[in-house]
Amino acid sequence: MNAADTNQQGVHGNAGSASETAIKVLIYSDDSTTREKVVLALGRRVAADLPPIKTHEFATPLAVVNAVDNGGFDLLILDGEATPAGGMGVCRQLKDEIYECPPVLVLTGRPQDGWLATWSRAEAWTPHPIDPVALADSVAELVRARLAKRVSA
């Protein structure tokens, strides 16, 4: 088992006051550099009005499916270029198999691949190379929608 398959807490998960519940973000990519870029782009918070981010990195699709099946994540960021299973296929599988699957943001290979992310049922996508501002903005939007849904439930 790859060390990235375990539920590792990102170094950015400890910011904020004790009264805030961190936003749990799952990051999937077989490429440790891509995972690192996502963690750095998210920083400690994606927006001032949101709780801090706590990241969990995964390198294999099986580990992702098991982790999401166990629950507790607020957002999933899946690398569409990952191998052996790309994030879009993993996203579609999760949306089919996991009741109330968290929102998913897919990292696409090109801007033109947004339609594939739509096919996978991802709520958002952003292309490689990772634009930290665009990624943080997309994550903030998805998290706000998720938190609003919780409040109204």
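Observations on the model:
- Test result for A48, buried (at least 18 other Cβ atoms within 10 Å of the Cβ), modelled with pLDDT of 95 or more and under 19 Å from K24 (Cα atoms): no
- Residues located in the stretch 126-138, provided they are out of contact with any Lys or Arg (no Cβ under 7 Å at 6 or more places or on another chain) and over 16 Å from D74 (Cα atoms): T126, H128, P129, D131, P132, V133, A134
- Of residues in the stretch 118-128 being in contact (Cβ under 8 Å) with a residue 24 or more places away in the chain and over 23 Å from L50 (Cβ atoms), the one least open to solvent (accessible area, probe 1.4 Å): S120
- Entry remark, the stretch 62-77: residues being farther than 19 Å from E123 by Cα and open to solvent by 20 Å² or more (accessible area, probe 1.4 Å) number 3 in total.
- Selection status of G89, modelled with pLDDT of 95 or more and either on the phi > 0 side of the Ramachandran plot or open to solvent by 20 Å² or more (accessible area, probe 1.4 Å) (or both): yes
- Residue check, G80 surrounded by 20 or more Cβ atoms within 10 Å (Cβ to Cβ) and touching an Asp or Glu at 6+ places or on another chain (Cβ under 8 Å): yes
- Scanning the stretch 1-15 for residues that are open to solvent by 40 Å² or more (accessible area, probe 1.4 Å) and modelled with pLDDT of 95 or more turns up nothing.
- Within the set E81, E100, the sole residue that is touching a strand residue (DSSP E or B) at 6+ places or on another chain (Cβ under 9 Å), outside any helix (DSSP H, G or I) and acidic (D, E) turns out to be E81.
- Subset of the stretch 108-117 [open to solvent by 30 Å² or more (accessible area, probe 1.4 Å) and farther than 21 Å from T33 by Cα]: Q112, W115, L116
- Count of the stretch 139-153 residues, restricted to those that are assigned to a helix (DSSP H, G or I) and open to solvent by 30 Å² or more (accessible area, probe 1.4 Å), is 10.
- All of I53, I77 fail the test of being closer than 23 Å to E20 by Cα, of a type in the set (V, I, T) and touching a Gly at 6+ places or on another chain (Cβ under 7 Å), apart from I53.
The values are calculated or read from the model by the stated rules, or taken from the named source; none is laboratory data. Keep in mind it's a predicted model, so treat the numbers as computed, not measured. Heads up, the Cβs are rebuilt from the backbone with ideal geometry, glycines too, and the neighbour counts pull from every protein chain shown. SASA here: full protein model, heavy atoms, side chains in, ligands and nucleic acids out. Shrake-Rupley method; radii C 1.70, N 1.55, O 1.52, S 1.80 Å.
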